[in-house]
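Participant: Mind looking over this structure? Questions follow.
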Amino acid sequence: MSTKNKLLTILTLSAGAAASMACLNKYIQLSASSKNVLENDFPSLCYRWRLGNIHYQKVGTGKPLLLIHDLNAISSSYEWKALVKPLSEHFTVYTIDLLGCGRSEKPNMTYTNYLYVQLICDFIKSVIGRRTSVAASKASAPIALMACSCNSELFENLLLINPDSIQTCSQVPGKSAKLYKFILDLPLIGTFIYHISTSRQNIQTVFANEYFENPFSVHRTLIDAYYESSHLGVSPKSVYSSTVCHYTKCNILNALKKIDNSIYILGCKSINEMEERLEEFKKYNPAIETTLLSEGKELPQLECPSAVLQAINTYLY
């Protein structure tokens with residue numbers, strides 16, 4: 001075979017492989033969102049933010065309470081599903097899908113902590129319109145802290161559920177992280193890697209091994225909801241590449257020391273070194289109140305919502 005024919009063969013095979021990968025990526029995205037699990041009984045509302053439309057819901061009457069889900073590609077306000085109705089008896093409950101997550105828009109961009117700080121502050125100013133208590137989960141806890149530090153007049157109380165350690169919050173993108181983000185941002189290969197990382201099986205494994213203390217309490221509908229959330233929108237992989245490569249991290253020490261608002265932290269005993277993590281937060285802000293939950297793991301609001309509900313009503317009502 002001549003060099004010319006070999007080159008044509010290679011180009012043909014490469015084009016065929018690329019087309020097959022593109023078709024597979026599209027099929028995965030469409031099939032993942034076909035069940036509409038994220039639709040629920042509460043009205044869907046839209047906040048037209050400058051960087052993209054934000055999906056949120058408003059339920060109940062009383063003092064405003066904003067619930068912010070964990071920050072990763074599979075998360076959404078579905079995380080608070082079990083708590084919205086009971087909380088609405090005492091609060092005006094707002095649940096939000098952060099930009100790049102759930103049913104909010106997912107523009108192709110790099111997401112940062114500062115971007116989400118601006119989103120939360122703008123949302124409280126434009127949509128809620130008064131001082132608001134905030135409950136934030138895991139990787140979103142630093143966002144709530146930084147937002148409160150920048151605009152304390154917008155916030156009443158903060159409740160943080162299993163926040164990342166101060167050291168984890170302070171991670172910055174290194175050379176390897178920047179290279180990995182470059183690969184993830186590639187249209188075909190990056191999307192294919194993302195689909196593998198957010199496959200139904202991998203999400204099931206994460207819930208069984210990390211998120212829930214009791215793996216047998218992970219229901220299929222829950223996995224369907226998280227799987228759907230991770231495949232909606234124009235560029236669902238963008239928030240994934242930003243979070244796993246540490247672009248959404250920031251140093252929270254100064255904010256932690258500065259905040260005068262009441263801060264409450266819920267941690268689960270089953271998480272390694274959680275007691276030490278809570279003590280570290282109190283070291284930099286002695287006014288912080290903490291509680292260790294005897295049940296649940298990374299997402300107690302899904303696994304044992306009654307315990308979290310009791311804590312929220314005790315601290316914030």
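The values are calculated or read from the model by the stated rules, or taken from the named source; none is laboratory data. Just so you know, these numbers come straight off a predicted model, no measurement behind them. When we count neighbours, we look across all protein chains shown, and the Cβ atoms used for this are built from the backbone with ideal geometry, even at glycine. For the accessible areas, the whole protein counts, side chains as well, though only heavy atoms, and no ligand, DNA or RNA atoms are used. Shrake-Rupley method; radii C 1.70, N 1.55, O 1.52, S 1.80 Å.
Participant: Given the criteria at pLDDT 90 or above, under 30 Å from Ser152 (Cα atoms) and not in a loop (DSSP other than H, G, I, E, B), does Ile203 qualify?
Facilitator: no
Participant: Please work out which residue is nearest to Ala136 (Cα to Cα), limiting yourself to segment 171-216 and to residues that are open to solvent by 40 Å² or more (accessible area, probe 1.4 Å) and in contact with a Leu (Cβ under 8 Å, 6 or more places away or on another chain).
Facilitator: Applying the filter and picking the extreme gives Ile193.
Participant: Pairs under 9 Å by beta carbon, first residue farther than 24 Å from Tyr317 by Cβ in segment 116-135, partner surrounded by 18 or more Cβ atoms within 10 Å (Cβ to Cβ) and among the polar types (S, T, N, Q), six or more apart or different chains?
Facilitator: Pairs found: Tyr116/Ser140; Tyr116/Thr248; Val117/Ser149.
Participant: What pairs can you find where one residue is in segment 155-171 and in contact (Cβ under 8 Å) with a residue 24 or more places away in the chain and closer than 26 Å to Ile124 by Cα, the other is open to solvent by 30 Å² or more (accessible area, probe 1.4 Å) and assigned to a strand (DSSP E or B), and their Cβ atoms are less than 6 Å apart, with a gap of 6+ or different chains?
Facilitator: Pairs found: Asn157/Ser262.
Participant: Taking segment 229-249, which residues are farther than 24 Å from Pro173 by Cα and touching a Gly at 6+ places or on another chain (Cβ under 9 Å)?
Facilitator: Ser229, Leu232, Gly233
Participant: Of all residues in segment 73-128, count the ones that are open to solvent by 10 Å² or more (accessible area, probe 1.4 Å), of a type in the set (Gly, Ala, Ser) and closer than 30 Å to Tyr194 by Cα.
Facilitator: Summing the residues that are open to solvent by 10 Å² or more (accessible area, probe 1.4 Å), of a type in the set (Gly, Ala, Ser) and closer than 30 Å to Tyr194 by Cα in segment 73-128 gives 2.
Participant: With the requirement that a residue be assigned to a loop (DSSP other than H, G, I, E, B), surrounded by fewer than 20 Cβ atoms within 10 Å (Cβ to Cβ) and not polar (S, T, N, Q), what does segment 251-273 give you?
Facilitator: Result: Asp260, Lys269, Ile271, Glu273.
Participant: Another question about this same structure. Among the residues of segment 219-238 satisfying the criterion of being free of Cβ contacts under 8 Å to residues at least 60 places away in the same chain and surrounded by fewer than 18 Cβ atoms within 10 Å (Cβ to Cβ), which is nearest to Ser270 (Cα to Cα)?
Facilitator: My answer is His219.
Participant: Separate question: From Leu51, Leu38, which residue is within 19 Å of Gly100 (Cβ to Cβ), at pLDDT below 95 and touching an Asp or Glu at 6+ places or on another chain (Cβ under 9 Å)?
Facilitator: Result: Leu38 is the single residue among Leu51, Leu38 that is within 19 Å of Gly100 (Cβ to Cβ), at pLDDT below 95 and touching an Asp or Glu at 6+ places or on another chain (Cβ under 9 Å).
Participant: Output yes when any residue across segment 66-85 is among the aliphatic types (A, V, I, L, M), at pLDDT 95 or above and more than 19 Å from the chain's Cα centre (by Cα), and no when none is.
Facilitator: no
Participant: From the list Tyr226, Tyr247, which residue is of a type in the set (Phe, Trp, Tyr) and assigned to a helix (DSSP H, G or I)?
Facilitator: Tyr226
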